[in-house]
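Novice: There's a structure below that I have some questions on.
The values are calculated or read from the model by the stated rules, or taken from the named source; none is laboratory data. The model shown is predicted, which means the values in this text are computed figures rather than measured ones. Ideal geometry is used to build each Cβ from the backbone, glycine not excepted, and the neighbour counts take in all protein chains shown. Side chains are part of the model used for accessible areas, which takes the heavy atoms of the whole protein and leaves out ligands, DNA and RNA. Shrake-Rupley method; radii C 1.70, N 1.55, O 1.52, S 1.80 Å.
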Amino acid sequence: MRLDFCSLSSGSSGNCYYLGNDFHGILIDAGISATAIRKFLKGMDISMQTIMGVLITHNHSDHIKGLEVLTRKNSLPAFTTPKVWESILTPHSKISRDCIREIPMQQKFHLAGFDIEAFPVFHDAPETIGFHICAGDKKITIVTDLGHICDTAAPYIKAANLLVMESNYDEQMLMNGSYPHFLKARIRSDNGHLGNHQTAEFLAENITDNHKYICLAHLSKNNNTPEIVLQTLQRTFSEKGIVPGNQQEIIVLDRYIPSRMISLI
Ligand SMILES: [Zn+2]
Ligand SMILES: [Zn+2]
């Protein structure tokens with residue numbers, strides 16, 4: 001079974017990722033408008049009819065902004081844990097109760113030909129989850145918002161053939177930037193976001209030949225650039241004597257422009 005991945009949008013302005021197999025597709029997060037999601041999918045010749053559901057990581061608006069319209073207009077079910085649902089379904093929420101599907105934590109469930117497992121990560125939302133998704137022997141892990149890599153999340157990240165992982169901020173840009181002190185502290189905290197140095201160090205220590213594609217995700221608009229992400233990674237790798245294999249590709253996901261379709265065959 002093939003596994004196709006595409007980032008439609010990645011970053012603090014909005015997140016949405018597509019995952020497809022030979023027959024169906026699913027979305028992970030709906031942090032951009034339903035119109036943009038439909039337009040981007042159409043641009044890749046993917047019909048909304050093939051989308052079987054949307055997985056939700058947490059309640060921050062850059063992950064659920066388009067959820068209400070997307071689920072309503074396409075009669076699409078949305079999947080997340082009871083605790084994340086509780087945080088999304090505030091009295092002001094217009095999300096239809098018809099689309100709600102509750103999923104367990106760290107137990108596989110089956111959707112559209114995928115085996116999907118949610119796992120907890122540390123982030124400043126009531127609950128935040130990453131996803132480990134298998135199609136046959138192909139494995140993808142998506143962790144876009146996390147303050148540090150805990151012992152629970154690490155095995156899922158290590159096991160991925162295609163890894164989508166946050167590399168949110170450059171330490172110097174953040175510290176020298178205009179954000180107020182409390183916000184800098186929140187971003188850098190264990191419940192905030194992963195800095196380039198943290199992601200680079202974890203990858204340098206844990207990368208194996210099984211990691212075919214590493215997609216660096218959720219870059220900050222004000223405190224990062226794709227060039228600095230790659231420079232930090234290359235510097236950290238060379239300090240530790242790591243040389244990525246010929247068969248490995250490292251991709252920085254754009255904040256607004258969809259990535260190319262990446263296929264594990
Ligand atoms: Zn986010
Ligand atoms: Zn978040």
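Novice: So what does residue 263 come to for accessible area, using a 1.4 Å probe and Å² rounded to 10?
Specialist: Result for residue 263: roughly 30 Å² accessible.
Novice: Carbon-plus-sulfur fraction of the accessible area of segment 1-121, 1.4 Å probe, in percent?
Specialist: 49 percent
Novice: At what distance in angstrom do the alpha carbon centres of segment 104-125 and segment 240-262 lie from each other?
Specialist: Cα centroid to Cα centroid, the span is 24 Å.
Novice: Could you work out the relative contact order of the chain, using alpha carbon pairs under 8 angstrom and six or more residues apart, expressed as a whole percent?
Specialist: Relative contact order for the chain comes out at 19 percent.
Novice: Let me ask another. Out of all DSSP beta bridges in the chain, what portion is antiparallel? Express it as a percent rounded to 5. Show your work: numbers first, answer last.
Specialist: Working: 27 of 50 bridges.
That works out to approximately 55 percent antiparallel.
Novice: Taking the Kirkwood radius as the inverse of the mean 1/r across Cα pairs, report the Rg/Rh of the chain.
Specialist: Ratio of gyration radius to Kirkwood radius for the chain: 0.94.
Novice: Starting from the Kirkwood radius over alpha-carbon pairs of segment 152-215, derive D by Stokes-Einstein at 25 °C in a medium of 0.890 mPa s and give it in µm² s⁻¹.
Specialist: So the translational diffusion coefficient is about 190 µm²/s.
Novice: Between residue 210 and residue 108, 0.36 nm times their residue separation minus their Cα-Cα distance comes to what?
Specialist: My answer for the length gained is 34.6 nm.
Novice: Per residue of the chain, what 222 nm ellipticity follows from adding -39500 (n - 2.57) for every DSSP H run with n ≥ 4, rounded to the nearest 500?
Specialist: -7500 deg cm²/dmol
Novice: Turning to a different aspect of this structure: Based only on the alpha carbon positions, what is the Kirkwood hydrodynamic radius of segment 26-162, in angstrom?
Specialist: Evaluated over segment 26-162, this radius sits at 15.3 Å.
Novice: May I pose another question? Counting heavy atoms of the protein chains only and a 1.4 Å probe, report the per residue accessible area for the chain as a whole number of Å². Mind dumping the intermediate values first?
Specialist: Numbers: 11730 Å² over 265 residues.
Heavy-atom accessible area per residue stands at 44 Å².
Novice: If 181, 60 are ordered by their accessible area, calculated over protein heavy atoms with a 1.4 Å probe, which sequence runs from highest to lowest? The partial results should precede the final answer.
Specialist: Values: 181 150, 60 45 Å².
Order by accessible area, largest first: 181, 60.
Novice: Then there is this: Let me check the size of segment 119-265 from its C-alpha atoms; what are the radius of gyration and Dmax in Å?
Specialist: Values for segment 119-265 (Cα only, Rg and Dmax): 14.9, 47 Å.
Novice: So, one more: Of 94/139; 138/221; 65/94, which sit over 23 Å apart, Cα to Cα? Please report the intermediate quantities before stating the final value.
Specialist: Details: 94/139 34 Å; 138/221 32 Å; 65/94 11 Å.
Table pairs above 23 Å Cα-Cα are 94/139; 138/221.
Novice: With N set to the number of residues, divide the alpha-carbon radius of gyration of segment 174-243 by 2.2 N^0.38 Å and report two decimals.
Specialist: The value comes to 1.21.
Novice: Given a 1.4 angstrom probe, I'd like the percentage of the accessible area of segment 207-265 that is carbon and sulfur, rounded to a whole number.
Specialist: Carbon and sulfur: 51 percent of the exposed surface of segment 207-265.
Novice: Now for a separate question. GNM on the chain, C-alpha springs below 10 Å: top fluctuator among 250, 157, 142?
Specialist: Largest GNM mean-square fluctuation: 250.
Novice: What nm value, rounded to one decimal, do you get for the distance between residue 240 and residue 263 when each label is placed 7 Å out toward the C-beta?
Specialist: Result: 3.2 nm between the two label points.
Novice: Could you calculate the FRET efficiency of residue 150 with residue 44 from 1/(1 + (r/R0)^6), where r is the beta carbon distance between them and R0 is 45 Å, rounded to 0.05?
Specialist: The calculated FRET efficiency here is 0.85.
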